[in-house]
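The values are calculated or read from the model by the stated rules, or taken from the named source; none is laboratory data. Predicted, not measured: the structure shown is a model, and the values here were computed from it. Every residue, glycine among them, receives a Cβ derived from its backbone with ideal geometry; neighbour counts consider all protein chains shown. The protein model used for the area step is the full one, side chains on, heavy atoms only, and it has no ligands, DNA or RNA in it. Shrake-Rupley method; radii C 1.70, N 1.55, O 1.52, S 1.80 Å.
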Amino acid sequence: MKNQARHFGRLRRAEMCTAYIFILPMFAGLLLFSIIPFIQNILYSFRKMGTFGEGTFIGLKNYQDLLKDDTFWLALQNTVFYAVVGVPLVIIFSIFLAHQINKKIRGRTIYRTLLFIPAITIPAAIGILWRWILNYQYGIFNWILEKLGFSRISWLGDVKYVRWAIILVVVWSMVSYYVIIMLAAMQGIDSSYYEAARLDGASSRQVFFKITLPMLTPMIFFSVIMVTIGILQIFDFIYLMVDRQTLSYTYSMSLVTYFYECAFNKSSMRGYGAAISVVLAAIIMLITMIQMVGKKYWVRSGE
């Protein structure tokens with residue numbers, strides 16, 4: 001028995017060593033490219049960084065300056081706007097489109113392929129494409145408006161429309177990925193629920209709201225968290241679509257965009273930019289914690 005116990009002990013240790021060897025590259029990458037830079041970034045936020053990397057400790061001054069910075073508050077307001085408007089739209093359209101292509105309709109495979117194309121397109125290409133589509137002079141949106149008898153709109157140059165134009169692109173680009181997630185969740189629902197509902201004479205609307213939607217809540221919860229984090233970090237579409245020399249760029253700026261302007265375009269403000277990114281990380285963690293606490297009130301358990 002003792003020999004057998006030693007054998008199992010050696011076998012267990014060998015398995016543990018093998019597991020650690022396999023996860024070591026991923027852990028090393030996480031440590032080098034995520035954990036250490038994040039800690040360094042927090043330290044930089046308490047310093048005034050020089051042009052060549054040297055820094056002077058200034059305590060909480062960067063954070064105090066943020067409270068008096070109108071551009072920071074405007075960027076924060078824009079970021080909240082993108083999240084409040086964009087997250088519900090992405091979730092609603094994802095569920096709606098997934099529900100439609102989950103039905104037995106002709107060409108369903110083609111529709112799924114077309115819907116998924118934006119998910120595999122790089123953000124840079126999406127931003128440039130939509131910059132052309134929304135162009136004031138030769139964009140297809142303004143061409144359609146003119147054909148309908150309306151005046152052209154400066155979608156990316158007018159402060160009244162630029163944030164809505166960005167929301168349009170963000171929703172279009174994100175919906176395609178979450179449609180696939182919602183579709184997979186719908187197809188994982190046990191068909192016996194639907195059979196029982198049909199026998200009871202439930203309508204299609206009742207089936208959707210009483211069976212499909214409640215069963216989707218775990219996936220909806222996951223999607224809400226991921227979409228919220230993604231939109232709070234929006235940068236590429238703003239940077240690529242909006243001319244940085246115009247007033248609309250300032251009025252559409254997100255926290256990440258403002259961080260980029262301070263940390264990379266103004267070398268003397270890298271510590272200030274680090275403080276912006278730390279504030280954004282704190283906001284994301286706070287919102288995620290609130291979502292996790294609220295999970296028990298609306299997400300259906302798997303029991």
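With Ile225, Ile220, Ile229 as the choices, which residue is in contact (Cβ under 8 Å) with a residue 12 or more places away in the chain, under 21 Å from Phe93 (Cβ atoms) and buried (at least 18 other Cβ atoms within 10 Å of the Cβ)? Show your work before the answer.
Numbers: Ile225 fails: buried (at least 18 other Cβ atoms within 10 Å of the Cβ); Ile229 fails: buried (at least 18 other Cβ atoms within 10 Å of the Cβ).
Within the list Ile225, Ile220, Ile229, the selection yields Ile220.
Take the range 147-192 and flag every residue that is open to solvent by 60 Å² or more (accessible area, probe 1.4 Å), polar (S, T, N, Q) and either over 23 Å from Val227 (Cβ atoms) or without any contact (Cβ under 8 Å) to a residue 12 or more places away in the chain (or both).
Ser151, Ser191 - these are the residues of the range 147-192 that are open to solvent by 60 Å² or more (accessible area, probe 1.4 Å), polar (S, T, N, Q) and either over 23 Å from Val227 (Cβ atoms) or without any contact (Cβ under 8 Å) to a residue 12 or more places away in the chain (or both).
Select from the range 38-65 the residues that are among the hydrophobic types (A, V, I, L, M, F, W, C) and open to solvent by 40 Å² or more (accessible area, probe 1.4 Å) and list them in ascending order. Give the steps one after another, and end with the answer.
Within the range 38-65, the first condition is being among the hydrophobic types (A, V, I, L, M, F, W, C), and the residues that meet it are 38-39, 42-43, 46, 49, 52, 57-58, 60.
Matches in the range 38-65: Phe38, Ile39, Ile42, Leu43, Phe46, Phe52, Phe57, Ile58, Leu60.
Just to be sure, is Phe27 over 30 Å from Ala185 (Cβ atoms), of a type outside the set (A, V, I, L, M) and open to solvent by 30 Å² or more (accessible area, probe 1.4 Å)? Steps first, please.
On the way: over 30 Å from Ala185 (Cβ atoms): yes; of a type outside the set (A, V, I, L, M): yes; open to solvent by 30 Å² or more (accessible area, probe 1.4 Å): yes.
Yes.
Which fully enclosed helices (runs of 4 or more DSSP H) of the range 66-140 have 3 or more residues being modelled with pLDDT of 90 or more and either open to solvent by 40 Å² or more (accessible area, probe 1.4 Å) or among the hydrophobic types (A, V, I, L, M, F, W, C) (or both)? Give the derivation first.
On the way: elements: 70-101, 108-116, 123-133.
Answer list for the range 66-140: 70-101, 123-133.
Please verify whether the range 43-64 includes one or more residues that are part of a helix (DSSP H, G or I), under 26 Å from the mean Cα position of the chain (by Cα) and more than 18 Å from Ala274 (Cβ to Cβ).
Looking through the range 43-64, none of the residues is part of a helix (DSSP H, G or I), under 26 Å from the mean Cα position of the chain (by Cα) and more than 18 Å from Ala274 (Cβ to Cβ).
Inspect the range 236-253 for any residue being under 30 Å from Arg47 (Cβ atoms), of a type in the set (Asp, Glu) and within 26 Å of the chain's Cα centre (by Cα) and give the result as yes or no.
The answer is yes; a qualifying residue exists.
Scan Asp236, Asp243 and give me the residue that is charged (D, E, K, R), open to solvent by 60 Å² or more (accessible area, probe 1.4 Å) and touching a residue at least 12 places away in the same chain (Cβ under 8 Å). Steps first, please.
On the way: Asp236 fails: open to solvent by 60 Å² or more (accessible area, probe 1.4 Å).
The conditions single out Asp243.
Please determine, by comparing only the residues of the range 250-303 that are among the aromatic types (Phe, Trp, Tyr), surrounded by fewer than 20 Cβ atoms within 10 Å (Cβ to Cβ) and free of Cβ contacts under 8 Å to residues at least 60 places away in the same chain, which one is farthest from Met219 (Cα to Cα).
Filtering the range 250-303 for residues among the aromatic types (Phe, Trp, Tyr) gives 251, 258-260, 264, 272, 297-298.
Now drop any that are not surrounded by fewer than 20 Cβ atoms within 10 Å (Cβ to Cβ), which leaves 251, 260, 264, 297-298.
Next cut, free of Cβ contacts under 8 Å to residues at least 60 places away in the same chain only: 260, 264, 297.
Working: Tyr260: 33, Phe264: 37, Tyr297: 15 Å.
Taking the candidates together, the pick is Phe264.
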